[in-house]
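Before any comments, here is the structure.
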Amino acid sequence: QVQLQESGPGLVKPSETLSLTCSVSGGSISGYYWSWIRQPPGKGLEWIGYIYSSGSATYSPSLKSRVTISVDTSKNQFSLKLYSVTAADTAVYYCARREYAAGIDVFDIWGQGTMVTVSS
Amino acid sequence: DIQMTQSPSSLSASVGDRVTITCRASQRISDYLNWYQQKPGKAPEVLIYTASSLQSGVPSRFSGSGSGTDFTLTISSLEPEDFAIYYCQQSFSIPRTFGQGTRVEIK
């Protein structure tokens, strides 16, 4: 079955760029939407954005000015870049698949998550 | 943004109890409402989508109902593995938003 795995640095300095990659295995990245969702320690879930396999992306308005999500279908991967990070961006970052078909719109498959700490 | 408010924020229950969690949206979202379960140190997993459809592989003791602004997740008979945090999430508009979570603890 489809599995997702996040990878990237666990520590990022303030004002720098957070970069994460999600590798999709057990299925093709094509024909689906792929999302990033984060969870600060001890807090709830925040949707960052998603991208269709064609490259069309939609972002949360609150993060739109600092976020880029991209997709590489040849590698079956998609990526997150979050610019000018602060301590408030410290969180577990999850990648997830958005199932969107026939009235269904749900994040049905999630990666295990990766903790990113913003600190000097 | 559509605000999702869950109640209660936490509850204590015993194995075998019937548990009900409520989620209210700040505006009407039809049935674009999903429920997730999250266990400590793990990613969320979908239980219910489109308000009342049971995700494949999820036990039938979980059920969802509601439409418009008010939704309910019910666990008919709590099992030990159900102690977790539950989140609702709307898929009606951008940005996608989640409730603050309901922690179900062992009494």
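The values are calculated or read from the model by the stated rules, or taken from the named source; none is laboratory data. Note that the structure is predicted; figures quoted are calculated from it, not measured. Backbone-built Cβ (ideal geometry, glycine too); neighbour counts: all protein chains shown. Note: accessible area is taken over every heavy atom of the protein model, side chains too, but ligands, DNA and RNA are not part of it. Shrake-Rupley method; radii C 1.70, N 1.55, O 1.52, S 1.80 Å.
A few comments on the model shown:
- Derived scalar couplings between HN and Hα for the range B:91-107 equal 10, 7, 8, 8, x, 4, 10, 10, x, 7, x, 10, 8, 9, 10, 7, 7 Hz in order, rounded to whole Hz, by the Karplus curve 6.51 cos²θ - 1.76 cosθ + 1.60 (θ = phi - 60°), x for Gly and Pro.
- 5 angstrom amide H check on B:Gln100, placed H, neighbours 5+ away: B:Gln6
- Burial of 20 Å² or greater, the range A:90-105 residues [accessible area, probe 1.4 Å, versus chain by itself]: A:Tyr94, A:Gly103, A:Ile104, A:Asp105
- Inter-centroid distance (Cα atoms) of the range B:40-101 relative to the range A:1-71, Å: 22
- For the range B:31-36, Karplus couplings with θ = phi - 60° (6.51, -1.76, 1.60), whole Hz, Gly/Pro x: 10, 7, 9, 10, 10, 10
- Lysines with Cα under 28 Å of A:Lys64, excluding same-chain neighbours fewer than 8 positions away: A:Lys13, A:Lys43, A:Lys75, A:Lys81, B:Lys42
- A 1.4 Å probe, protein heavy atoms only, puts the accessible area of B:Lys39 near 80 Å².
- With every protein chain in place, chain A: carbon and sulfur % of accessible area (1.4 Å): 48
- Relative contact order, percent, chain A [alpha-carbon distance under 8 Å, six or more residues apart]: 35
- Neighbour net charge for A:Glu99 - beta-carbon separation under 10 angstrom, K R +1, D E -1: 0
- Solvent-accessible area buried by pairing B with A, both sides, nearest 100 square angstrom, 1.4 angstrom probe: 1600
- Kirkwood Rh and Cα Rg combined as Rg/Rh, the protein assembly as shown: 0.97
- Cα Rg over Rh - the range A:80-120, Kirkwood: 1.14
- Furthest towards positive pole of dipole, A:Ile37, A:Leu63, A:Thr21, structure part the range A:1-72, Cβ charges: A:Leu63
- The magnitude of the dipole of the range A:34-110, with charges of +1 and -1 set on the Cβ of Lys/Arg and Asp/Glu and taken from the Cα centre, is near 220 debye.
- Phi angles across the range A:70-77 convert, under the Karplus curve 6.51 cos²θ - 1.76 cosθ + 1.60 with θ = phi - 60°, into 3J(HN,Hα) values of 10, 10, 10, 5, 5, 9, 6, 9 Hz, Gly and Pro given as x.
- Positive-pole candidate from A:Val92, B:Val58, B:Phe98, dipole of the protein assembly as shown, charges at beta carbon: A:Val92
- Solution diffusion estimate, µm²/s, Stokes-Einstein, the range A:1-90, Kirkwood Rh from C-alpha pairs, 20 °C, viscosity 1.002 mPa s: 157
- Across all C-alpha atoms in the range A:37-120, the radius of gyration and Dmax reach 13.3, 47 Å.
- Per residue, chain A exposes 45 Å² of solvent-accessible protein surface, assessed with a 1.4 angstrom probe and all protein chains in place.
- Convex hull volume of the Cα atoms of chain B, normalised per residue: 87 Å³.
- Across the range B:44-94, counting alpha-carbon atoms alone, Rg and Dmax equal 11.3, 36 Å.
- Placing +1 on the Cβ of every Lys and Arg and -1 on the Cβ of every Asp and Glu, with no other charges, gives the range A:70-119 a dipole of roughly 140 debye about its Cα centre.
- Surface listing: A:Asp108, B:Asp1 arranged by accessible area from highest to lowest gives B:Asp1, A:Asp108, probe 1.4 Å.
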